[in-house]
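First up is the structure itself, then whatever we jot down about it.
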Amino acid sequence: QVQLVESGGGLVQAGGSLRLSCAASGRTFGSSTMGWFRQAPGKERDIVAAMTWSGGSTYYADSVKGRFTISRDNAKNTVYLQMNSLKPEDTAVYYCALRRAIGVRRIPDEYDYWGQGTQVTVSS
């Protein structure tokens with residue numbers, strides 16, 4: 001079993017930055033893919049960024065390219081999402097997810113484990 005715990009959310013003004021962390025424990029796998037998703041009220045859960053644990057493949061949604069960076073610390077089994085130049089439209093609950101296979105996927109159903117989510121609120 002895999003457990004994912006997000007942290008780092010909060011309230012920030014537009015133009016500010018936050019760094020989200022996702023600590024993985026349990027039977028994590030090197031041959032896996034990590035994703036960050038977000039869900040705003042009344043909207044579907046959408047992919048924000050994803051990467052393979054090896055770091056060989058990454059993906060960013062068009063809306064966050066150039067502003068967000070996904071990274072990982074293999075020794076700590078932790079994935080990060082650095083979010084810069086935040087906008088009010090980035091406001092959402094952010095979730096990390098683990099896919100027990102290599103390969104970035106954009107659909108939530110492709111991921112096997114989920115964290116509890118962390119709220120990010122960007123004020124204008």
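Quick one: how many residues across the range 20-59 are exposed (fewer than 14 other Cβ atoms within 10 Å of the Cβ) and in contact (Cβ under 8 Å) with a residue 60 or more places away in the chain?
1
In the range 91-101, what residues are touching a Gly at 6+ places or on another chain (Cβ under 6 Å) and either assigned to a helix (DSSP H, G or I) or of a type in the set (Phe, Trp, Tyr) (or both)?
If the condition is that a residue be touching a Gly at 6+ places or on another chain (Cβ under 6 Å) and either assigned to a helix (DSSP H, G or I) or of a type in the set (Phe, Trp, Tyr) (or both), then TYR95 is the only one that fits.
Among the listed residues ASP62, ASP90, identify the single one that is acidic (Asp, Glu), at pLDDT 95 or above and open to solvent by 60 Å² or more (accessible area, probe 1.4 Å).
One residue alone meets the criteria, ASP62.
Which residues, counting only those in the range 102-117, are open to solvent by 20 Å² or more (accessible area, probe 1.4 Å) and either in a helix (DSSP H, G or I) or over 10 Å from ILE47 (Cβ atoms) (or both)?
Within the range 102-117, ILE102, PRO108, ASP109, GLU110, ASP112, TYR113, TRP114, GLN116 qualify.
Can you tell me how many residues in the range 42-90 are in a strand (DSSP E or B), among the aliphatic types (A, V, I, L, M) and under 19 Å from PRO108 (Cα atoms)?
The total comes to 8.
The values are calculated or read from the model by the stated rules, or taken from the named source; none is laboratory data. Treat the numbers as computed from the prediction; the structure is a model and nothing was measured. Cβ coordinates were reconstructed from backbone atoms using ideal geometry, including for glycine residues, and neighbour counts include every protein chain displayed. The protein model used for the area step is the full one, side chains on, heavy atoms only, and it has no ligands, DNA or RNA in it. Shrake-Rupley method; radii C 1.70, N 1.55, O 1.52, S 1.80 Å.
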